[in-house]
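Here's the structure we're looking at; comments come further down.
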Amino acid sequence: MKISSCNNVNDFRELARKNLPSPIFHYIDGAADDEVTYKRNTAAYDDCFLVPSVLRSVETVDLGTKILGKKISLPFFLSPTALQRLFHHEGEMAVAKAAQKFNTFFGISSLSTIPIEEIKSISSPKIFQLYFHKDKGLTNSMIDKCKSNNIDAIALTVDTITGGNRERDIRTGFTSPPRLTLKSFLSFMFKPKWTLNYIFRKKFDLPFLSDFIKEGTDIKISVSDYFSNMLDQNMSWKDAENIKKKWGGTFCLKGIMSQEDAKKAVDIGADAIMISNHGGRQLDGSRSPFDQLDEIIDAVGGKIDIICDGGIRRGSHILKALSKGANACSGGRLYLYALASGGQVGVTKAIENLKNEVERDMKLMGVTKINQLNRSNLRFK
């Protein structure tokens, strides 16, 4: 299969499986425990149906919206994700350049594999995923770097108080950087293109951490170990409020799932919340973002930007979330499979696929602007 033949997220998933060593693929593809929540994140959309209107003159459609204080040309964006140069040697720059082409937000993680300075010149809006570390000097350093490198918003991740039980990573022996073991040797050997790129291109690094980890970023740890050992499990609402004040810019909480927490986010003055369960990678058995949207929107809709994050595979999924009242949607796997399939070219094709689906489905729904979508468009099983 070629990138040009990838018509949807699932096509890119299969191409990524062919391109990546098993530990790397399953790090992207896997989730916590029995992966019930991961599966529900997408399946939830299948319990909802769209009701189209006709004879509405829909030749010209505007996909633009405003989120996190910025006007973007699409109603969805690329969530911050970690370790992107493990998936393709172009890494975060590939994602940034693809997002720039479509004028939508893209994210950069605390576990980015490139220095934040490299994306400073990218013109599309940028959101930084901040983790709250035990080492407050590390957390403050990240905020300071965001201030000096044209970051438009910070998303404090609040659902990683400890690492989820990601059993696929345990079975494959996934670490960052990759650890070559007898178990994983054959997987890397049978993916020579990936392996040669990893060995001979720019050395793998985690620039945000390199000055604060004694061993440097050569230390091989699982992401679950990073969450459990380096992040502050005493993080509180007061800490979130203090980070907002120190940052001083557009502030988002990523990982909000309850109505009460959404209200608290409004109380501390957050500008946005990402309704997210970390792609099903943390608490298995939690509700999907789409399932949880209604009660959160009923509680705080109109008081704060609400982003539905996760499970999105189709343009119709985006329209369903927007019809419920979300201000925008976002996701990680929706572009990570494409990144693994072909770097910037792959991510560009993935965004274009979703853009075309959203535009086509809006016409079929009989709407020409995002704000014309509402709950009257929906029915449920």
- Query: What's the FRET efficiency of LYS245 with ARG171 using the Cβ-Cβ distance as r and R₀ = 45 Å, to the nearest 0.05?
  - Reply: 0.55
- Message: Which one, MET235, MET257, MET142, has the greatest fluctuation when you compute a Gaussian network model over the chain with C-alpha springs under 10 angstrom?
- Response: MET235
- Task: State the Cα centre-to-centre distance between region 234-248 and region 36-68 in whole Å.
- Result: 34
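With each run of n ≥ 4 DSSP H residues scored as -39500 (n - 2.57), what mean residue ellipticity at 222 nm is computed for the chain after dividing by its residue count and rounding to the nearest 500 deg cm²/dmol?
Working: 15 runs with 162 residues, N = 381.
My calculation for the chain gives -13000 deg cm²/dmol from helical runs alone.
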- Based on the inverse mean of 1/r over its pairs of different Cα atoms, what is the Kirkwood hydrodynamic radius of the chain, in Å? 20.9
- Do me a favour and compute the ellipsoid semi-axes for region 1-94 from its Cα gyration tensor, root of five times each eigenvalue, largest one first, whole Å. 30, 20, 16
- Message: Among GLY249, ILE297, LEU186, which residue has its Cα furthest toward the positive end of the charge dipole of region 3-380, with +1 on Lys/Arg Cβ and -1 on Asp/Glu Cβ?
- Response: LEU186
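Between GLU260 and MET1, take the C-beta separation as r, use R0 = 56 Å, and let me know the FRET efficiency to the nearest 0.05.
On the way: r = 46 Å, r/R0 = 0.81.
That gives a FRET efficiency of 0.75.
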- Note on the structure: With R₀ set to 22 angstrom, the calculated FRET efficiency between the beta-carbons of LYS120 and ASP144, to the nearest 0.05, is 0.95
- Item | Alpha-carbon centroids, region 122-157 and region 79-97: separation in whole Å | 17
- Where is the GNM fluctuation largest for the chain (alpha-carbon springs, 10 angstrom cutoff): LEU111, LEU50, LEU206? LEU50
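Ordered by packing density, taken as the mean number of other Cβ atoms within 10 Å over each peptide's residues, highest first, how do 53-62, 291-300 rank? Can you show the working numbers first?
Working: 53-62: 10.6, 291-300: 18.6.
The most tightly packed comes first, giving 291-300, 53-62.
What are the DSSP H helices in the chain that stretch 30 Å or more along their long axis, judged by alpha-carbon atoms, and whose average Kyte-Doolittle hydropathy comes to at least 1.0?
Values: long enough: 333-365 (33 Å, -0.16).
Qualifying helices: none.
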- Message: I want to verify a result. In a Gaussian network model of the chain, Cα cutoff 10 Å, which of these has the top mean-square fluctuation: ARG179, ARG287, ARG168?
- Response: ARG179
- Label model pair LYS71, ALA43: point-to-point distance (7 angstrom along the Cα→beta-carbon line) in nm is 4.2
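Of all beta bridges DSSP finds with both residues in the chain, what is the antiparallel percent, to the nearest 5?
Details: 8 of 38 bridges.
Roughly 20 percent of the beta bridges in the chain run antiparallel, per DSSP.
Rule-based calculations on the coordinates, nothing more; no lab input. Note that the structure is a prediction, hence the values are computed from the model and not measured. FYI the Cβ positions are ideal-geometry reconstructions off the backbone, even for glycines, and counts take in every protein chain you see.
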